[in-house]
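Each remark here refers to the structure printed beneath this line.
The values are calculated or read from the model by the stated rules, or taken from the named source; none is laboratory data. Here the structure is a predicted model, which means the values were calculated and not measured. Glycine gets a Cβ as well: all are built from the backbone with ideal geometry, and neighbour counts include every protein chain shown.
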Protein chains: 2
Amino acid sequence: MALRVVGVDPGLTRCGLAAVDVETNRRATLVGVTVVGTPPDVPLDQRLLAIAHGIDAWLDRHGPDVVAIERVFSQLNVSTVMGTAQASGIVIAAAARRGIPVALHTPTEVKAAVTGSGQADKAAVGKMVAKILRLDSPPRPADAADAVALAITHGWRGAAPGSQASASSHGGSAGLTGAQRAWAEAEAKARRAGTRRAR
Amino acid sequence: MALRVVGVDPGLTRCGLAAVDVETNRRATLVGVTVVGTPPDVPLDQRLLAIAHGIDAWLDRHGPDVVAIERVFSQLNVSTVMGTAQASGIVIAAAARRGIPVALHTPTEVKAAVTGSGQADKAAVGKMVAKILRLDSPPRPADAADAVALAITHGWRGAAPGSQASASSHGGSAGLTGAQRAWAEAEAKARRAGTRRAR
């Protein structure tokens, strides 16, 4: 019985949405991938509404067991971080409305999970994602590759023994200030070491 | 015919919600005020769900003509800004789902509108809000005073000639990167001049 994971890379212009089935033997199969979002010249309320409609439709279509979303850091990309955080809030609330647990993962965690290195670049992540999913090339649209990688990352954790408990404890950790601080510190450290996200 | 404004001071722990009727002669009447939110130890998804349910109920109950929400700056209160931005995203999407225009106002704008000074402290804002609304004391809960002040600020703009156009152009300005940048710069300047928000 596979765990269906929806991965979300939040953003206003490009919000990547993926659905991946992960079996207990770690075999992962791509169910679907898309990008929703609006150009920067659209009013903010309409941009957030597009994200809300997009995630609602994606969750209703794929009925995931868990939603894995990229953890947004206030330190990164200051010019776009507010919109990204607003989008992530809408996605998390959409999952919570449906009783679907939410897990947050950092970009470094995702890179490490799919490539073995927290410093991997976008191309390396795309290649490994294709290999893991038995595809001829990285999934398209390329903007959604991070969402696919997020889903795999979480599915591999979720597919480990005690999967559901693991998923919900990750969802729960979203509210733990101590855990958030620990991640933020780890991320800041990784960033200082030169692991900037190429965006 | 009064303009009904819902004011929202976004936050995860205390999200202030107000409803104020503002007539074309600037007379403002408090319709209702409340605070929704959850303690920091509640998981993030449940915290955001509480905000979503709270704003949905408030909008359905009061049926406002416009929603005025505090503009969140990434520079302010780094430790809480992500949660505040996530909450604001949910509020803006809730209004957009209902076709209600959204306007964003900075704390400095709100202070200037109700007290005449962008440097006013919380007590001065509370006193003026009480006076404007013909109340014996500042509205309670006190955590919602900013939401009430936001609603008055927007109502006074909205009650000026060309009210609805003004409201929607403010809503529209939410998406204008240039305008956002201008506000951010003005706010940063005000902050450097010592106008920190007492929170």
Discussion item. Just the residues that are free of Cβ contacts under 8 Å to residues at least 12 places away in the same chain and away from chain B (no Cβ under 14 Å), please, taken from region A:26-59.
Written reply: A:ARG27
Discussion item. Checking the condition among the hydroxyl-bearing types (Ser, Thr, Tyr) and surrounded by fewer than 17 Cβ atoms within 10 Å (Cβ to Cβ), which residue from B:THR24, B:THR38 passes?
Written reply: B:THR24
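Does A:VAL66 satisfy being within 14 Å of chain B (Cβ to nearest Cβ) and hydrophobic (A, V, I, L, M, F, W, C)? Don't jump to the end; show me each part of the working.
On the way: within 14 Å of chain B (Cβ to nearest Cβ): yes; hydrophobic (A, V, I, L, M, F, W, C): yes.
It is true that A:VAL66 is within 14 Å of chain B (Cβ to nearest Cβ) and hydrophobic (A, V, I, L, M, F, W, C).
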Worksheet entry | Check on A:VAL6, closer than 14 Å to A:ALA144 by Cα, surrounded by fewer than 20 Cβ atoms within 10 Å (Cβ to Cβ) and of a type in the set (A, V, I, L, M, F, W, C) | no
Worksheet entry | Of all residues in region B:69-82 being closer than 15 Å to A:PHE73 by Cβ and either crowded, with 24+ Cβ neighbours inside 10 Å or within 7 Å of chain A (Cβ to nearest Cβ) (or both), the one that is modelled with the lowest pLDDT | B:SER74
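Only one residue in B:ALA120, B:ALA130, B:ALA124 is more than 14 Å from chain A (Cβ to nearest Cβ), farther than 30 Å from B:ASP60 by Cβ, without any contact (Cβ under 8 Å) to a residue 24 or more places away in the chain and outside any loop (DSSP other than H, G, I, E, B). Which one? Write out each step before concluding.
Numbers: B:ALA120 fails: outside any loop (DSSP other than H, G, I, E, B); B:ALA130 fails: farther than 30 Å from B:ASP60 by Cβ.
When all the criteria are applied, what remains is B:ALA124.
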Worksheet entry | Residue identified as touching a Gly at 6+ places or on another chain (Cβ under 7 Å) and either within 14 Å of another protein chain (Cβ to nearest Cβ) or hydroxyl-bearing (Ser, Thr, Tyr) (or both) among B:ALA103, B:ALA93, B:ALA112 | B:ALA103
Fill in: Enumerated strands (runs of 3 or more DSSP E) restricted to region A:1-111, each holding at least 1 residues that are farther than 26 Å from B:LEU12 by Cα
A:3-9, A:15-22, A:28-36
